[in-house]
Amino acid sequence: MSIGKGITHIGLGNFSRAHLAFFMNEYSRKMGPSEWGICAVDRDTPRNVANSEYLRKNDFKYQLVMKGADSKQENTIQVLRDYINMGKEPEAALNQMCLDTTRVCSLTITEKGYYCDVNTGKLYDDNPEIVHDLKNPSAPKSALGLICSALNHRRLNGGAPFTVLSCDNLPGNGHITENAVTQFADLLDPALHAWIKSYVTFPNTMVDRITPQTASPEDPIVSEDFVQWVVEDKFCNGRPYLEVIDNVLLTEDVMPYEKMKVRLLNGSHSALSYVSYLAGHRDVDHALANKDVHDFVRMYLSEVAQTVPAVPGIDLEWYQAKLLDRFSNPNIKDQIQRLAEDGSSKMQTTMLPVIHEKAQSRAPAPMLALATAGWVRYMAGVDDFGNDIEITDPQAATLQPIARAALGSRNSRPFLEAAFGKDIMKQNPAFAGKVQAWYDRILHEGVHRVLDSLDEFAFGFADVDMGDGDENQLTRLSLLQMIKLTYEDLEHMFQAYDADDSGYLEHDEFKTLLKDFFTRIREELPKVDLTTIFGAAASDSLLDEVLEALPDPDDDVVVNMLLMRLDANDDGKIAPDEFVDSFHEVVTIRHHQLAVDASGPVPSEAIHVPPMTFGGSWCQIETWARDDGDSLDNESKAKAKAASA
């Protein structure tokens, strides 16, 4: 028996070739040749034409190379049976879909391909392709037109329906597909709408495999070695026996898995992409090798994971750690700009629901706010070194001019209203204010410096706890002494709070230290001249502002954030060297960043932080001074050096 064409797949990109085609190839390898081969249908673009020509020349076979951090596995994928150019041959695509042998129509067409508003679900019925397909159902241009025309042919000729299986990274992708298809069908023929509602199924799926772009069709498809597919078992015309394939899960409820994946993996991909690109990184693994970016992503994941329900069979802490390992894989070379594409669509599905949930529960969301501020800044189309950014986004024509105007007005709110709707300001005024606070700092200091200062800034969003004033290990220290602790002081402090003499500070011990430390600072602040301490301009509200910026050590979210920041090796506890080095920078040196003037000698043991009045970007000056821009090109370094002159 030869391999058939039981699946017609619309949108054969690298991901579907590394995911769906890989799984069906595994099915064929285990079960032998079957009807569950794939006929690809795609748009008429130069890249798709080149892919089609290459695949035809090679009998529709191609190489998939799966790479781990220290492993490599090559696979020959040979379940593709045909490749139809829908733009040039719409009738051929439609005929394939009308055949009784087509039992599943799968999709990877991205958010844009569903032609729906992700907030309201309304079909863009005035879109030129949708208008064309409603008038010309025998020569469709869109996936919706092709699906509905094929289903209508089956209905009118007594044929069986096919399952419509979305494999796009969208929460509720089956529901989204059903909504789009049925709206289009209702406009085409209300009787078709009723038939689809009765007989066609739209399973939800969760798909997961990081797959970078390739330069040319001749290049093998490269993916990570991790792969996962969770599928709602709801097929209307038969299905392959997917249970025999490793890493495929059939379930009645995909929601917990897809929420985990979309919010944590896809959301953190977007979050890291904007700030990393602005800071000069171009490859994901290079960005994650930078401690500040790595810690930002860790803190983002921890913050968002609080909104993810329990997932059967998966420990969320393990999943977060696994994501960081996957992002850091040096053999994948995923491109940051790929992750940054289509932000106006991705943010709606990956971050906006989390923002609303955080607001409803009155939970702090500083990392979500920073990620959003980074997006606003990125959409202006220029990085922190003055290099142009090629913006790829369906709403670029609307959003980019607003983002550019924000560079001058220093106001992110018009962008938030345009991107998320005007209700964002009414429903989430506190979040919008936090985005603005981050945006101000990004403009003033540069992304590199903002990421470097997460340890002291993120906690300004926490509630203030004034403490009970009881005596503690730090009672005898003045405020000046506390912000000028020596390494020897910190070593003694570590030993005093290591209650079990384990040689580490664990969560509860670290929490006690923080509570004592900040209780003492709160007691001392009203007694001193803050303009002398911080070098900031005097104001009646300065004391309140400084108190507000202090963390609440009784809040475990705050404690965990700071613990993660100090825990350099990610083992969940703080070693003496981690504490002494990181805590010294976090507390002892941070007061310099508020200084208007940094005159006078800097102690040799201190980490020098230049004054905020420096005319250049923090990103520029610190990259040049430290010379640690591992992914920065020579032109960017030259600009940074010139900015410091």
Could you check, for segment 58-66, whether at least one of its residues is within 29 Å of Cys236 (Cβ to Cβ) and out of contact with any helix residue (DSSP H, G or I) (no Cβ under 8 Å at 6 or more places or on another chain)?
yes
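Mind checking which residues of segment 44-58 are closer than 24 Å to Ile147 by Cβ and surrounded by fewer than 19 Cβ atoms within 10 Å (Cβ to Cβ)?
Listed by number, the residues that qualify are Asp44, Thr45, Arg47, Val49.
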Consider only pairs whose beta carbons are under 9 Å apart and that are at least six residues apart or on different chains; among these, list those whose first residue lies in segment 287-302 and is free of Cβ contacts under 8 Å to residues at least 60 places away in the same chain and whose second residue is of a type in the set (S, T, N, Q) and in a helix (DSSP H, G or I).
Leu288/Ser276; Val297/Ser268; Leu301/Ser268; Leu301/Gln320
Do the conditions hold for Glu506, that is, is it surrounded by 13 or more Cβ atoms within 10 Å (Cβ to Cβ), charged (D, E, K, R), at pLDDT 80 or above and outside the structural domain of Leu288 (by TED's automatic domain parsing)?
yes
Going by the conditions given, is Ala271 part of a helix (DSSP H, G or I), under 16 Å from Val354 (Cα atoms) and under 14 Å from the mean Cα position of the chain (by Cα)?
yes
Determine, yes or no, whether Asn179 is without any contact (Cβ under 8 Å) to a residue 60 or more places away in the chain, surrounded by fewer than 18 Cβ atoms within 10 Å (Cβ to Cβ), over 16 Å from Val104 (Cα atoms) and in the same structural domain as Val244 (by TED's automatic domain parsing).
no
Could you count how many residues in segment 59-92 are without any contact (Cβ under 8 Å) to a residue 60 or more places away in the chain and closer than 18 Å to Ile147 by Cα?
8
State the number of residues belonging to segment 224-270 that are modelled with pLDDT under 95 and of a type in the set (Val, Ile, Thr).
1
The condition of being in the same structural domain as Cys148 (by TED's automatic domain parsing) and either surrounded by fewer than 17 Cβ atoms within 10 Å (Cβ to Cβ) or within 29 Å of the chain's Cα centre (by Cα) (or both) holds, among Pro33, Pro90, only for Pro33
May I ask you to list the residues in segment 388-410 that are surrounded by 15 or more Cβ atoms within 10 Å (Cβ to Cβ) and part of a loop (DSSP other than H, G, I, E, B)?
Ile389, Ile391, Asp393, Pro394, Gln395
In this structure, does Asp44 turn out to be closer than 30 Å to Pro394 by Cβ, part of a loop (DSSP other than H, G, I, E, B), touching a Leu at 6+ places or on another chain (Cβ under 9 Å) and assigned by TED's automatic domain parsing to the domain that holds Val164?
no
Looking only at segment 62-86, count how many residues are surrounded by 14 or more Cβ atoms within 10 Å (Cβ to Cβ) and part of a loop (DSSP other than H, G, I, E, B).
5
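Quickly run through segment 219-235 and pick out the residues that are more than 18 Å from Lys333 (Cα to Cα) and of a type in the set (Asp, Glu). Break it down stepwise before answering.
Step one: list which residues in segment 219-235 are more than 18 Å from Lys333 (Cα to Cα), which gives 228-235.
Hits for segment 219-235 are Glu232, Asp233.
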Looking at (1) farther than 25 Å from Ile176 by Cα; (2) out of contact with any His (no Cβ under 9 Å at 6 or more places or on another chain), can you tell me which one Asp384 breaks?
(2)
Kindly establish whether Ala363 is in the same structural domain as Ser412 (by TED's automatic domain parsing) and either modelled with pLDDT of 95 or more or part of a helix (DSSP H, G or I) (or both).
no
Can you confirm whether segment 174-195 contains a residue that is part of a loop (DSSP other than H, G, I, E, B), within 32 Å of the chain's Cα centre (by Cα), within 28 Å of His19 (Cβ to Cβ) and polar (S, T, N, Q)?
no
Test: residue in segment 210-220 that is crowded, with 17+ Cβ neighbours inside 10 Å, under 19 Å from Ile109 (Cβ atoms) and in contact with an Asp or Glu (Cβ under 9 Å, 6 or more places away or on another chain)
yes
Answer with yes or no whether Lys358 is basic (Lys, Arg), at pLDDT below 95 and either out of contact with any Asp or Glu (no Cβ under 8 Å at 6 or more places or on another chain) or not in a loop (DSSP other than H, G, I, E, B) (or both).
yes
Condition met for Val231 (in contact (Cβ under 8 Å) with a residue 24 or more places away in the chain, outside any loop (DSSP other than H, G, I, E, B) and within 21 Å of Pro161 (Cα to Cα))
yes
Condition broken by Ile314, with the remaining ones in (1) within 27 Å of Asp556 (Cβ to Cβ); (2) in contact with a Pro (Cβ under 8 Å, 6 or more places away or on another chain) satisfied:
(2)
Restricting attention to segment 129-140, does a residue exist that is buried (at least 21 other Cβ atoms within 10 Å of the Cβ), part of a loop (DSSP other than H, G, I, E, B) and either of a type in the set (Gly, Ala, Ser) or in contact with a helix residue (DSSP H, G or I) (Cβ under 7 Å, 6 or more places away or on another chain) (or both)?
yes
In the set Ser106, Ser149, the lone residue that is farther than 28 Å from Leu250 by Cβ and either touching a strand residue (DSSP E or B) at 6+ places or on another chain (Cβ under 6 Å) or polar (S, T, N, Q) (or both) is Ser149
One residue from Gly145, Gly159 being surrounded by fewer than 20 Cβ atoms within 10 Å (Cβ to Cβ) and of a type outside the set (Asp, Glu)
Gly159
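The values are calculated or read from the model by the stated rules, or taken from the named source; none is laboratory data. What you see is a predicted model, and the numbers here were worked out from it, not measured in a lab. All Cβ positions, glycine included, derive from the backbone under ideal geometry; neighbour counts span all protein chains shown.
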